[in-house]
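Inspection log for the structure reproduced underneath, given as structure tokens.
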Amino acid sequence: MSLSSPDSTPWRRRIPQPQDSFGDRVRALRRRWRLMLRLSVASAAAYGIATYALDHQQAFFAPVAAVITIIAGAGQRGRTLFELVLGVAVGVLVGELLIMTIGRGAWQIALVVSLTVAVGTLVGIKGLALTQAANSAVLLVAVLPPPGASDPAVTRFLDAMVGGVCGLAMVLLLPRNPVRDIDVQVQKLLGRLAEVLGRVAQALRTGDAALADVALGEARTSQGLIDTVSSTARNVEEIARMSPVRWRQRAELQRYVGSVVDLDNALRDTRVLARRVAAMLRHHEEPPPDMHRAIDLLSRAVRIYADDLSEHDTFNEARAELVEAARIAVTSLQDQVTINGAAIAAQVRSLAADLLYASGVSREELDELLDFG
């Protein structure tokens, strides 16, 4: 990706573009081959083990449990398996006790579901476990076991175990590439951050308060990207910890995961920066000299990081840009500085510090780099 100067590209109001085209769906489908393979193998294995090895005549819950463990357990699959089994245990216990007393039927299902949720809440289960408790109770009441079948409460519990273990096994044996997953998400975040900073710099350069407001709106809507990065970080940490196939990537992943908090702080600083620039321009205050250039340097450094996160040689170039941005911001303050001007300079320095932290700079190194006294 080539870097272009903000001066050479006219900034335009963003026009909504159609999202999720058919081509996007085809590309998404191609990326999901691993997920489809895991689901198919895990569900088939779970059904086969429950049906042929354990001789369960209605082993539908085993493949269902496998699918739930793979899809619903991102970032917490070990806990998901425990919750799945716990929920099933509560559901089959309540359902079986009631069936023995009141039989099967429509009103019995209503009563069983209500009591299962009540019991589950009282024993402290929630979320996925509570859902599975209700599902297990419904299935136990609604699906009649064939003549001569073993106790449905026991078989349902064992099926949950089999399905959960099969799903977990496929996640560990055929894991996604955790470095690629988090790299993609971090690049999206950095790309958006660079765009917002570029807009703020252009707004400051041209005196366009409306453009600063646009940048502020984009910074606010970018919080969803941070949430996605944080969720992905939890997921890839789990994969690298549990899957032997990915153990060798743990050190590289730690660099990404360790930067999430700093990137979150950088995004928050960017929102404050955009808000202060908008306020300054609305009040027709004179911005500190070269402040727009400092923000341009921040944007350029972020783009350098986004272009090639795996290339450590680019870090030196980006770090030099960040240090220069902080130097310009700090030294540009005049004697008659306004509150907004001082706040903008402080945010530029804070942004530079957060991004330097995210790139692996230690606190001692940071103090030395940003000491302009």
>> Out of the helices (runs of 4 or more DSSP H) lying entirely within the stretch 196-303, which hold 1 or more residues that are farther than 20 Å from Asn177 by Cβ, in contact with an Asp or Glu (Cβ under 9 Å, 6 or more places away or on another chain) and in the same structural domain as Gly341 (by TED's automatic domain parsing)?
In response: 209-221, 223-242, 260-282
> Mind checking which pairs have a first residue in the stretch 342-367 that is of a type in the set (Phe, Trp, Tyr) and a second that is modelled with pLDDT under 90 and part of a helix (DSSP H, G or I), Cβ under 6 Å, 6 or more apart or different chains?
Replying inline: Tyr357/Asp262
> Scanning the stretch 333-372 for residues that are touching a helix residue (DSSP H, G or I) at 6+ places or on another chain (Cβ under 6 Å) and not in a helix (DSSP H, G or I), which turns out surrounded by the fewest Cβ atoms within 10 Å (Cβ to Cβ)?
Replying inline: Phe372
> How many residues does the stretch 186-222 contain that are within 13 Å of Leu281 (Cα to Cα) and not hydrophobic (A, V, I, L, M, F, W, C)?
Replying inline: 6
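The values are calculated or read from the model by the stated rules, or taken from the named source; none is laboratory data. Remember, it's a predicted structure, so these values are computed and weren't measured experimentally. Please note: Cβ atoms are built from the backbone with ideal geometry, for glycine as well, and neighbour counts cover all protein chains shown.
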